[in-house]
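Asker: The structure's right below; bear with me while I get my questions together.
The values are calculated or read from the model by the stated rules, or taken from the named source; none is laboratory data. The structure presented is a predicted model; accordingly, all values stated were derived computationally and were not measured. Positions of Cβ are generated from backbone atoms using ideal geometry, with glycine treated the same way; all protein chains shown enter the neighbour counts. The protein model used for the area step is the full one, side chains on, heavy atoms only, and it has no ligands, DNA or RNA in it. Shrake-Rupley method; radii C 1.70, N 1.55, O 1.52, S 1.80 Å.
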Amino acid sequence: MEQAANASGTVLSADGTTIAWSRQGSGPPLAIVGPLLAHRSSRATAALADALSKTHTVYTYDRRGIGESGIGEEYTAESDVDDLLAVLQVAGGATDLYGFYDGAFLALRAAEESTVVSRVVALEPTLSLGDGEDELLVLQSEIEGLGGVNVPVLILAGSASGGETQDLARRAADALDEGEFRLLETDTSGLPDSALTEAIESFLQ
């Protein structure tokens, strides 16, 4: 049976936690992975979903404990990946991912663990640290984990972002077997603009 173009619902993650998702547009599936505290109706996520839905079936979701998603018994890096993989089951096949900020590393971890991820676009990967976690150790773990990603990946950073942000994006691209870094002449701190959407679209063609 053909899916309705626009829809929303929930799916159960591996530990039974309810994860809320939305779908819009038509075309190849693309899931947007936002930062930890941003829900799927946040301005940045909604604006990008609207722009990309002209050529893709776009899936957005609320991360665990945010918006309409349940909080579950615990939040871990593993449960984060499980939640995203549950949303990809809704998409029902090979799916591209776009992750931004701390959602970028999550998208890359999902690509390492799942065979249904086709390609990844990651904007300015940043770390999400738990209480007492050492930043250097977490960064080392994230960078080392990229060696297991075997799909094409585009890492983006904005020219208006700081040198540390740009350097981390370059390091992430260098750690990937099929990684490409691109610096966009734009400010990525606000709503997505044409430079960002065009970069995503050209890579996913």
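Asker: Out of all the residues in region 177-190, which are modelled with pLDDT under 95 and either touching a Leu at 6+ places or on another chain (Cβ under 8 Å) or small (Gly, Ala, Ser) (or both)?
Answerer: Once the filter is applied, which keeps residues that are modelled with pLDDT under 95 and either touching a Leu at 6+ places or on another chain (Cβ under 8 Å) or small (Gly, Ala, Ser) (or both), region 177-190 yields 186, 188, 189, 190.
Asker: Could you give every pair whose Cβ atoms fall below 7 Å, whose first residue belongs to region 144-158 and is open to solvent by less than 30 Å² (accessible area, probe 1.4 Å), and whose second residue is among the aromatic types (Phe, Trp, Tyr), counting only separations of at least 6 or pairs across chains?
Answerer: Correct list of pairs: 154/203; 155/181.
Asker: For region 170-186, enumerate the residues that are touching a Pro at 6+ places or on another chain (Cβ under 6 Å) and surrounded by 17 or more Cβ atoms within 10 Å (Cβ to Cβ). Spell out how you get there, then give the answer.
Answerer: Taking region 170-186 as the starting set, the residues that turn out to be touching a Pro at 6+ places or on another chain (Cβ under 6 Å) are 172, 178.
Matches in region 170-186: 172 only.
Asker: Can you tell me which residues in region 94-113 are open to solvent by 10 Å² or more (accessible area, probe 1.4 Å) and either touching a Ser or Thr at 6+ places or on another chain (Cβ under 9 Å) or closer than 14 Å to residue 18 by Cβ (or both)? Spell out how you get there, then give the answer.
Answerer: Applying the first criterion (open to solvent by 10 Å² or more (accessible area, probe 1.4 Å)) to region 94-113 yields 94, 100-102, 109, 112-113.
Those that are open to solvent by 10 Å² or more (accessible area, probe 1.4 Å) and either touching a Ser or Thr at 6+ places or on another chain (Cβ under 9 Å) or closer than 14 Å to residue 18 by Cβ (or both): 94, 100, 101, 102.
Asker: Looking at (1) closer than 14 Å to residue 30 by Cβ; (2) in a helix (DSSP H, G or I), which is the one condition that is false for residue 60?
Answerer: Going through the list (1) closer than 14 Å to residue 30 by Cβ; (2) in a helix (DSSP H, G or I), residue 60 breaks only (2).
Asker: Tell me the residue from 161, 189 that is out of contact with any helix residue (DSSP H, G or I) (no Cβ under 7 Å at 6 or more places or on another chain), open to solvent by less than 40 Å² (accessible area, probe 1.4 Å), more than 22 Å from residue 96 (Cα to Cα) and small (Gly, Ala, Ser), please. If you could, list the steps in order and put the result at the bottom.
Answerer: Numbers: 189 fails: open to solvent by less than 40 Å² (accessible area, probe 1.4 Å).
Of the residues listed, the single one that is out of contact with any helix residue (DSSP H, G or I) (no Cβ under 7 Å at 6 or more places or on another chain), open to solvent by less than 40 Å² (accessible area, probe 1.4 Å), more than 22 Å from residue 96 (Cα to Cα) and small (Gly, Ala, Ser) is 161.
Asker: Among the residues of region 1-12 satisfying the criterion of being aliphatic (A, V, I, L, M) and open to solvent by 70 Å² or more (accessible area, probe 1.4 Å), which is modelled with the highest pLDDT?
Answerer: From region 1-12, those aliphatic (A, V, I, L, M) are 1, 4-5, 7, 11-12; that's our starting set.
Subsequent filtering for residues that are open to solvent by 70 Å² or more (accessible area, probe 1.4 Å) retains 1, 12.
On the way: 1: 38, 12: 97.
Top of the filtered list is 12.
Asker: Moving on. Might you check whether a residue that is in contact (Cβ under 8 Å) with a residue 60 or more places away in the chain, among the acidic types (Asp, Glu) and over 29 Å from residue 179 (Cα atoms) occurs anywhere in region 10-17?
Answerer: Looking only at region 10-17, we keep the residues that are in contact (Cβ under 8 Å) with a residue 60 or more places away in the chain, and these are 11-15, 17.
Filter again for among the acidic types (Asp, Glu), leaving 15.
If we keep only those that are over 29 Å from residue 179 (Cα atoms) as well, we get 15.
Within region 10-17, one or more residues are in contact (Cβ under 8 Å) with a residue 60 or more places away in the chain, among the acidic types (Asp, Glu) and over 29 Å from residue 179 (Cα atoms).
Asker: Among the residues of region 41-50, is any of a type in the set (S, T, N, Q) and assigned to a strand (DSSP E or B)? Talk me through it step by step, then tell me what you get.
Answerer: Kept after step one, since they are of a type in the set (S, T, N, Q), are these residues of region 41-50: 41-42, 45.
Cutting the leftovers down to assigned to a strand (DSSP E or B) gives us none.
Looking through region 41-50, none of the residues is of a type in the set (S, T, N, Q) and assigned to a strand (DSSP E or B).
Asker: Could you check how many residues of region 25-43 are surrounded by fewer than 19 Cβ atoms within 10 Å (Cβ to Cβ) and either farther than 19 Å from residue 111 by Cα or at pLDDT 95 or above (or both)?
Answerer: Here is the first cut: in region 25-43, the ones surrounded by fewer than 19 Cβ atoms within 10 Å (Cβ to Cβ) are 26-28, 36-37, 39, 41-43.
Restricting the remaining residues to those that are either farther than 19 Å from residue 111 by Cα or at pLDDT 95 or above (or both) gives 26-28, 37, 39, 41-43.
Residues that pass the stated criteria total 8.
Asker: Also, quick follow-up: Against the condition more than 25 Å from residue 124 (Cβ to Cβ) and surrounded by fewer than 17 Cβ atoms within 10 Å (Cβ to Cβ), how does residue 15 come out, does it pass? Talk me through it step by step, then tell me what you get.
Answerer: Values: more than 25 Å from residue 124 (Cβ to Cβ): yes; surrounded by fewer than 17 Cβ atoms within 10 Å (Cβ to Cβ): yes.
For residue 15, the condition - more than 25 Å from residue 124 (Cβ to Cβ) and surrounded by fewer than 17 Cβ atoms within 10 Å (Cβ to Cβ) - is met.
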